[in-house]
1. Being over 27 Å from Tyr213 (Cβ atoms), modelled with pLDDT of 95 or more and either among the polar types (S, T, N, Q) or in contact with an Asp or Glu (Cβ under 9 Å, 6 or more places away or on another chain) (or both), is that true of even one residue in the range 295-317?
2. Check Gln31, Gln113 and return the single one that is closer than 21 Å to Phe125 by Cα and surrounded by fewer than 21 Cβ atoms within 10 Å (Cβ to Cβ).
3. Would you confirm whether any residue within the range 327-350 is within 24 Å of Ala159 (Cα to Cα) and under 20 Å from the mean Cα position of the chain (by Cα)?
4. Quick check on this structure: which one of Ala331, Ala292, Ala362 is in contact with a Gly (Cβ under 8 Å, 6 or more places away or on another chain) and either surrounded by fewer than 20 Cβ atoms within 10 Å (Cβ to Cβ) or within 27 Å of Arg208 (Cβ to Cβ) (or both)?
5. Select from the range 314-372 the residues that are among the basic types (Lys, Arg), in contact (Cβ under 8 Å) with a residue 40 or more places away in the chain and either in contact with a strand residue (DSSP E or B) (Cβ under 6 Å, 6 or more places away or on another chain) or not in a helix (DSSP H, G or I) (or both) and list them in ascending order.
6. Out of Lys85, Lys40, which single residue is at pLDDT 90 or above, part of a strand (DSSP E or B) and among the basic types (Lys, Arg)?
7. Please find, among Ile96, Ile57, the residue that is buried (at least 22 other Cβ atoms within 10 Å of the Cβ) and either at pLDDT 95 or above or out of contact with any strand residue (DSSP E or B) (no Cβ under 9 Å at 6 or more places or on another chain) (or both).
8. For the structure I just gave you, tell me whether Tyr268 is out of contact with any Pro (no Cβ under 8 Å at 6 or more places or on another chain) and either on the phi < 0 side of the Ramachandran plot or free of Cβ contacts under 8 Å to residues at least 60 places away in the same chain (or both).
Amino acid sequence: MDRPAKIALVSPYDHAFFGGVPDHINSLASQFRQWGHTVKIIAPCSDLSRVEDRDFIPMGKAVPVPSGGSIARVSFSVWLRPRIKQLLAEEAFDYIHLHEPFAGLLTANVLSQMNPSTSIAIGTFHTYGGTRLYKVGFKRLAVPYNRKLRGRIAVSEPARQFISRQFPGHYEIIPNGIKVDDFDQAKPFPHLQDGKINLLFVGRLEKRKGLKYLLGAYSRLKWDFPELRLIVVGPGKPDAESYRIISERNLQDVDIVGMVSEEDKARYYKSAHIYCSPATGKESFGIVLLEAMAAGTPVVATSIAGYSGVISNEKDGLLVPPKDDEALAEAIARLMKDRGLGLALSANGRAKAESYRWERVADKVLDYYESVTRPTTLAVS
């Protein structure tokens, strides 16, 4: 992009909460600003003290909604239109980039109040299947707003397939990015370098993340590998089934850490000998897999759609069927027994992570902004 642009990044999700879309937006904003662009983030926020961005504009109150096996906190505030209209007139953004444009009223209200003759609207779709946010009456109501989008991005092929069923059209696939150096250069925790083998799980403790299957695999492995330790990092609490497995099988060396800072999360990846993601589905993209790869940690994951697009099986990770604790245990055991395999997966994983650097991803997004600015590339609804 030849000149600095004024960009709005709009999210329907509560920006005070940990999650893929807020993290994506924060990273995109940071990279754009490094290149001299002016960026404002617009999103609902329940706790401003948890948002460090000085150019963040809180807009609306978020409420929890079940979505795809998770809880999405989105704004359904109907009184925001006058404020949004005034904000857009004052700011005069060159580009208004809406993430999940139809998941809640904030993004829909921005589309309804924007002036398409002065601002270009781009939509990025992150979701893959199972979400109720497209079933709360929005699909029919969103059709006129969809026409205002000059360009549409999907973060993965599964995300593109899902949104195409809702709103057919062309979607450019531009993946999530990662801060490669943060993970590659992280320092391991000294207390975890004690001779044990660290098996790591990172993610929200929700049913679809599959922790109970990893616990089942761990219980199969612990007898033969007493030096194995399971570290669970992420917000929330294990479900009743997970606690039952831990209790009934008397599992030792299970360390449930809880939510941690981004810096500490990188240190846990760096402290791990094996990373495992046993998710059962409804993942549009495997960001946690790439974080582990960037740290040089060999990965075992399930062969669900969002993960199969990131991992090349047997080359930069091991894929196993979902909901299969025996297959998980076998794959983890292979890595524990075969140091050469682990080193090969680690090296190949690091190489793959390089292509997902935020610098590269953000550059693709800016190129896409420019491409849809040209009248000949207008997307057709």
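The values are calculated or read from the model by the stated rules, or taken from the named source; none is laboratory data. Quantities reported herein were computed from a predicted structural model and do not represent experimental measurements. Virtual Cβ from ideal backbone geometry, glycine too; neighbours counted across all protein chains shown.
1. No.
2. When all the criteria are applied, what remains is Gln113.
3. Within the range 327-350, one or more residues are within 24 Å of Ala159 (Cα to Cα) and under 20 Å from the mean Cα position of the chain (by Cα).
4. None of the others qualify; the one that does is Ala292.
5. Within the range 314-372, Lys323, Arg357 qualify.
6. Answer to the check: Lys40.
7. Of Ile96, Ile57, the one residue that is buried (at least 22 other Cβ atoms within 10 Å of the Cβ) and either at pLDDT 95 or above or out of contact with any strand residue (DSSP E or B) (no Cβ under 9 Å at 6 or more places or on another chain) (or both) is Ile96.
8. When the stated conditions are applied, Tyr268 passes them.
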